[in-house]
Amino acid sequence: MRIGVLTSGGDCPGLNAVIRSVVHRAVVDHNDEVIGFHDGWKGLLECDYRKLDLDAVSGILARGGTILGSSRVQPAHLRGGVEQAKGHVADLGLDAIIPIGGEGTLKAARLLSDAGLPIVGVPKTIDNDISSTDVTFGFDTAVTVATEALDRLKTTAESHQRVLIVEVMGRHTGWIALHSGMAAGAHAIVVPERPFDVEELAAVVGKRFEAGKKFAIVVVSEGAKPREGTMEFSSGATDVYGHERFSGVANQLSVELEERLGKEARPVILGHVQRGGTPTAYDRVLATRFGWHAVEAVHNGRFGMMTALRGTDITLVPLADAVQHLKTVPADRYTEAECVL
Ligand code: F6P
């Protein structure tokens, strides 16, 4: 068989582990040929690719980013994009495409699959917000990075008796904030799923100071917003692809909390450091398992499907189901966290 693989959307630790696994399973076990498209769907649309053999994937397991490059280009956004993609798949004699990506990439995968292309998707995102899979690789690494940062920030916050408002990634969902906040013992966690009231937040932090504590750490997802009418708030602009940029919620919150508490408050935006660098062991294993199962799905003709983790097993779920809605933080998970804040 001839299989094309690509990585699309925001990068994420573990992408190289999937690519490596796909090549090993396909080339060694099935005698397939694998090509890798450069910069996501853009590579497929421009026929820009390279052959991936065992040498090409040697030594990449622990490397962050993606050796293939990534972009946010989606075939459906370009006039004639879907037809062009179909034409190139036929010209290149591809039997299957394995796109590795998040929400936007998987939606494009579904669209191309509906248009007749043989596709098996692999989910990735540090945000952990793809439904139909219990976990996405990249999430564990992002939480580990954020937790380490929070541990470090506690010591400087304490020295200066400050409130630090730490903004973590998570445009639509609060998984990184919830898990890193719990792991580091933050004093408040603010997520997009629960619009915040700045007065309530100030009261929570204020109570801590009244109890004699010298500092406070507030973790906030970049996509968090205030409850309507509770605070002046400027939402983020959009980028060239129409994606919402982060709003600088930590900057805005630090000003508001400083005013209300009479304590020094500082924003800390962790940003892309959460996406960079080597994946954790957990993410390497999950990514490797996804790659293995994606190749199996190709050989079993299970097109239009996506690999997913359910419990401890890897299964296949229809792409159509996976892109229906995002996996948000359920209220009871927040309640559990609240108890230890
Ligand atoms: O979806 C992953 C993610 O890292 C989000 O958490 C974040 O909002 C976004 O990508 C940032 O995207 P970009 O790298 O395009 O700024």
Scan region 147-158 and give yes if some residue there is within 15 Å of the chain's Cα centre (by Cα) and either touching a residue at least 60 places away in the same chain (Cβ under 8 Å) or within 16 Å of the ligand (Cβ to nearest atom) (or both), otherwise no.
no
Quick count over region 1-44, residues being within 18 Å of T141 (Cα to Cα) and assigned to a loop (DSSP other than H, G, I, E, B), is 6
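Filter the strands (runs of 3 or more DSSP E) completely within region 111-222 down to those with at least 2 residues that are among the hydroxyl-bearing types (S, T, Y), in the same structural domain as R284 (by TED's automatic domain parsing) and surrounded by 16 or more Cβ atoms within 10 Å (Cβ to Cβ).
Values: elements: 120-123, 163-168, 188-190, 216-221.
Passing ranges: none, list empty.
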Looking at (1) more than 30 Å from V34 (Cα to Cα); (2) surrounded by fewer than 22 Cβ atoms within 10 Å (Cβ to Cβ); (3) in contact (Cβ under 8 Å) with a residue 40 or more places away in the chain, which is the one condition that is false for T280?
(1)
Examine region 96-105 for a residue that is surrounded by 24 or more Cβ atoms within 10 Å (Cβ to Cβ) and closer than 15 Å to L309 by Cβ, and state whether such a residue exists.
yes
Is it fair to say R266 is under 24 Å from V191 (Cβ atoms), part of a strand (DSSP E or B) and touching a residue at least 60 places away in the same chain (Cβ under 8 Å)?
yes
Take the residues of region 272-316 that are in a helix (DSSP H, G or I), under 18 Å from the mean Cα position of the chain (by Cα) and under 11 Å from I98 (Cβ atoms): which is farthest from the ligand (Cβ to nearest atom)?
G291
Counting only residues that are of a type in the set (D, E) and under 9 Å from the mean Cα position of the chain (by Cα), which one in region 112-132 is nearest to the ligand (Cβ to nearest atom)?
D127
Let me confirm something: among F290, F233, F303, which residue is at pLDDT below 95 and hydrophobic (A, V, I, L, M, F, W, C)?
F233
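The values are calculated or read from the model by the stated rules, or taken from the named source; none is laboratory data. Predicted, not measured: the structure shown is a model, and the values here were computed from it. Note that we place each Cβ from the backbone using ideal geometry, even for glycine, and neighbour counts take in every protein chain shown.
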